1. For the range 325-350, give me the residue count where each residue is open to solvent by 70 Å² or more (accessible area, probe 1.4 Å) and either among the charged types (D, E, K, R) or more than 27 Å from the chain's Cα centre (by Cα) (or both).
2. Take E82 and tell me if it is charged (D, E, K, R) and buried (at least 18 other Cβ atoms within 10 Å of the Cβ).
3. So, in the range 414-458, how many residues would count as being more than 20 Å from V566 (Cβ to Cβ) and surrounded by 20 or more Cβ atoms within 10 Å (Cβ to Cβ)?
4. How many residues, within the range 598-619, are open to solvent by 40 Å² or more (accessible area, probe 1.4 Å) and over 38 Å from the mean Cα position of the chain (by Cα)?
5. Return the residues of the range 556-572 that are farther than 13 Å from A536 by Cα and open to solvent by less than 40 Å² (accessible area, probe 1.4 Å); say none if nothing qualifies.
6. Please work out which one of (1) at pLDDT 80 or above; (2) surrounded by fewer than 11 Cβ atoms within 10 Å (Cβ to Cβ) is the condition V637 fails and give its number.
7. Determine whether the range 109-129 contains at least one residue that is basic (K, R) and at pLDDT 85 or above.
8. What are the residue pairs meeting all of these: first residue in the range 221-232, first residue open to solvent by less than 100 Å² (accessible area, probe 1.4 Å), second residue in a helix (DSSP H, G or I) and not small (G, A, S), Cβ atoms under 6 Å, and 6 or more apart or on different chains?
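The values are calculated or read from the model by the stated rules, or taken from the named source; none is laboratory data. Here the structure is a predicted model, which is why all the values come from computation and not from measurement. With ideal geometry, Cβ positions are generated from the backbone for all residues, glycine too; neighbour counts draw on all protein chains shown. When the accessible area is computed, the model is the full protein with side chains, heavy atoms only, and any ligands, DNA or RNA have been set aside. Shrake-Rupley method; radii C 1.70, N 1.55, O 1.52, S 1.80 Å.
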Amino acid sequence: MADPSTYRPAPGAIPTSPGVYRFRDAHGRVIYVGKAKSLRPRLSSYFQDLAGLHPRTATMVTTAASVEWTVVGTEVEALQLEYSWIKEFDPRFNVKYRDDKSYPELAVTLDEEYPRVQVMRGAHKKGVRYFGPYGHAWAIRETVDLLLRVFPVRTCSNGVFKRARQVGRPCLLGYIGKCAAPCVGKVSADEHRALAEDFCDFMAGRTGNYLRRLEEQMQEAAEELEYEKAARLRDDIGALKRAMEKNAIVLADATDADLLALAEDELEAAVQIFHVRGGRVRGQRGWVTDKVEDVDTAGLVEHALQQLYGGGESVPREVLVPALPAPAEPVREWLSGLRGSQVDLRVPQRGDKKDLMATVQRNAQQALALHKTKRASDLTTRSRALQEIADALELDSVPLRIECYDISHLQGEDVVASMVVFEDGLARKSEYRRFQIKGFEGQDDVRSMHEVIGRRFRRYLQERERTGEWAVPEEDDTGTDPDTGTGGTRDEDGRPKRFAYPPQLLVVDGGQPQVAAAKRALDELGIDDVALCGLAKRLEEVWLPGEDDPVVLPRSSEGLYLLQRVRDEAHRFAISYQRNKRSKRLTAGELDSVPGLGETRRRALLKHFGSLKKLRAATVDELCEVPGIGRRTAQTVAEALSSRTPVAPAVNTATGEIIEDGAEQAAEPVAAAPQTAPSQETP
C-alpha cells in the first residue's frame, strides 16, 4: 500500500487549466482516469487526509504510485480524451459497463442503384437510411418479413443479386412475391427505388396516409368485382397493421429521443435505455456496472452517455436523462458535435415523456434486482475459490492475478505455448499471449516450459527496468522524461502493455517435471515473489516446487474447479494457435516467403499471370505491370522465384495424366498433404 504523500506533485506544479489525469500503480499500469475543469483543485482533493476520502477513493490513491496529467483547451476536449483513455487503458477503478456490444439496426442502402434492406451494426455509413436500434436482430427480421409483402424491396447480397442477373432467374423471394425481382428486369431501377422510399416512409412513422390509400384501393377493387385483388390488398393492410403493433406509439409527436434511466445502490448501478424513433420504441438496451469509483447519479449519466455515443451510435434530437451531468454544457456540446446539429439534453418534467421515463426507471430497477440475484452466487463462489487456492498453497494473500502456461505440438512439429490470464477469477483475454518455441527443434515439453517461463519473466524484468521501476530518470512536473519526451512508465505506444505485470500465482499444465523447469527459470532470473504450482491432468493433482507429494484438493472444491478452468483455457488457446500455425505451414505457397509481399499483392500477381509457372517466366518489366507492384518489389519476386526449384508437375492419381497448370491455377497457396500416420495433438 503506497503513501499518497510520496508521489504528491509539488505545490504550484499542477496547472489550473482543463485537463485529464491518470493515476498509475507501482507497475506503471493506469488504474484511474479522470477529467477536470481545473486540474489543480481536483488533483489536490485526492491528497487530503485519507479519513476524509470516500473508501473507494482512498483505496485508489493508496494503490497508485504516481499521477500525471495532460492539459487540453476546453472541457469538451477533456471529455473526449477521458473517454479515449478509458477505452484504451481499461482502468480498474473507473466505471466499466459490461455490455459494450453494438446493437442491430434496420438499414436501407439508398446509395446503391438497387437499394437493399438489411441488418447492420456499428458506425453509420453515408447514403444509408437507418431505423432502430433494436434489441435483437430477429425483431428486425420479423418486421421486414411482414413489410416485404407490401414493399417487395430486395434483401439479397450483392453476390446473389449478380448471380441472378447472370442466369436470368430470380431467387425464391422473387417467385413468392416478397421481392420485386429487379435482378431480372421485372421492375425498373426507378420503380424499385420508389418501393424502397415507400418502405422508408412507412418505417419513419408516416403510416396513416399509406393505409388509407390501400383501403381505398381495396374498396375500388371490390366495387369492380376484382375480388382477388381486393383480398390481396386486405392481407397487405393486415400485414402492415401487425408490423405497426410491434412498435406501439408512446410519444404522439413523432419524437426521436433516447431515454436513459438508472437504478443504483452503494455497490452497483443498472442503466436502461429506450430508443424512441418516430414516436415508437424501436429498441431497448441495458448495462450493469460496479461503482468502483466515488460517483453520483450525474457522473453515472455522463459515463453512460460516453459509453453509448462514443462508439459511433447515432445521436437523436433529444436525450432525456434522470440527472444532468455537472457541468452539462460540455456534454451537450459534445453530443451536438457528434450529431452535426443541436441536441436537447434535459430531464423530462411533465407529460408523456416523464411517464415514459418512469417506465424506463422501473425496467432499470428490475434489471438491477435480477443482476444482484445472479451476481451474489457468482461473486461469492469466485471469492471462495480464490481463498481455497490461497489456503491450499499457503499463500500470504488470495491470487488476484493468475497466469497459466501450456505447451502444444503435433508429433514434435509446430511447437507453441500459450499464456492465459485470470483476474479476480475471470478471464482477461486482452492479456493473453502466445509463443513459438525458438530455442531448439523437436519435442521436449519440459525444455519448452523452461524457455517460455524464462522469456516471459525476462520481458517482465526488462519492462521494470525500462519503465523506471528500478532506475527512474528525472521527470518534469507532467511526468515526461526529458530525454525521450515520453512518460517514464510508458512504452513506445504511450502505455505499459506486454508482460509488465507479474502474477500472484503461476500455474503450469503438467506435473513435477514441468514445475521444476518453471522453478529453474524463475531462479535463474532471480524471481522469488511469484507463487508457482502445476496441475497434472491424470488425477488433477496440484504440484508445488520441491515437494515429493502433491496437494490434493477435494473434488467438490471451488478452488480446484477454478484451476481446472484456467488450465483448460490455456489448453484451448494453445491448441487453437498450434492448429492455425500448422494450417499455414501446410498451405504455404512459394510467394508466402517473399519479403515485403503481402496477401493482397500475392493475389494480384496470381490473378494477372494465372499460374506460378507463368509468373516464374515473367520479366521484371512484366511484373511491374501488375497494379501495386513497384520495380523493387518486382526484382525481389523475380529473384526469389528464380532461386527455387520448380515444383514437380501435378499428376491425376486416378488416370496417371500429368496436369500442366491445374495445381498452379488453383487458388494459391497449394500444397500436397503430408504422408504421415494418423496423428494426435499433444497439449
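1. Qualifying residue count for the region: 8.
2. yes
3. So the answer is 5.
4. 5
5. The answer is S557, G559, L562, E569, A570.
6. Exception for V637: condition (2).
7. yes
8. A221/K229; A230/M218
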